[in-house]
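The structure appears right after this line, and notes come after that.
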Amino acid sequence: MCGDAEQKNCLFASTFRGAHSRLTRTTIQQKMKALDFYHRDRGRQKRYFRSLWVVRINAVTREKGLYSYSQFIYNMYKRQLLLNRKILSQIAISNNNCLYAIYYRVRL
């Protein structure tokens, strides 16, 4: 019989392959390693998605010769149109006309 702590580790590591899911010491080590990667990659995921949104917005703004991404964002803040990059990228993908309406509202 396993104790509660050991059973938690076994349940956590049940999807690991080989000895990492069977032996107590290696399950504990793999759990620590997995949680470390999880903690590290949360920040990476946020950075990755933000850069993806920036690329999408930039592609659509340059497609029609509007202007660059940085000028677009700068003019949005100047006009106090506060839309975050995630929403802007979704608008850019799904509805270009709406993005152009935002552009005409923002331009000087």
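The values are calculated or read from the model by the stated rules, or taken from the named source; none is laboratory data. These numbers were taken from a predicted model, which means no experiment stands behind them. Glycine gets a Cβ as well: all are built from the backbone with ideal geometry, and neighbour counts include every protein chain shown. What goes into the accessible areas is simple: the full protein's heavy atoms, side chains included, and nothing from ligands, DNA or RNA. Shrake-Rupley method; radii C 1.70, N 1.55, O 1.52, S 1.80 Å.
Before moving on, here are some points about what is shown:
- 3J(HN,Hα) along segment 68-82: 6, 4, 5, 5, 4, 5, 4, 5, 5, 5, 5, 8, 6, 8, 9 Hz, from the Karplus curve 6.51 cos²θ - 1.76 cosθ + 1.60 with θ = phi - 60°, whole Hz, x for Gly and Pro.
- Charge dipole (debye, nearest 20) of the chain; +1 at Cβ of Lys and Arg, -1 at Cβ of Asp and Glu: 380 debye
- Carbon + sulfur, % of accessible area of the chain - ligands and nucleic acids excluded, 1.4 Å: 54 percent
- Residue-averaged 222 nm ellipticity for the chain, from DSSP H runs of 4+ at -39500 (n - 2.57), nearest 500: -24500 deg cm²/dmol
- Its relative contact order, with pairs defined as Cα atoms under 8 Å and 6+ residues apart, puts the chain at 18 percent.
- The alpha-carbon of residue 46 sits under 17 angstrom from the alpha-carbons of these aspartates and glutamates, leaving out residues fewer than 8 places away in its chain: 36.
- A quarter of the convex hull surface defined by the alpha-carbon atoms of the chain gives 10.1 nm² as the mean projection.
- Angle between the chain longest axis and helix 24-63 axis [Cα atoms, degrees, rounded to 10]: 10 degrees
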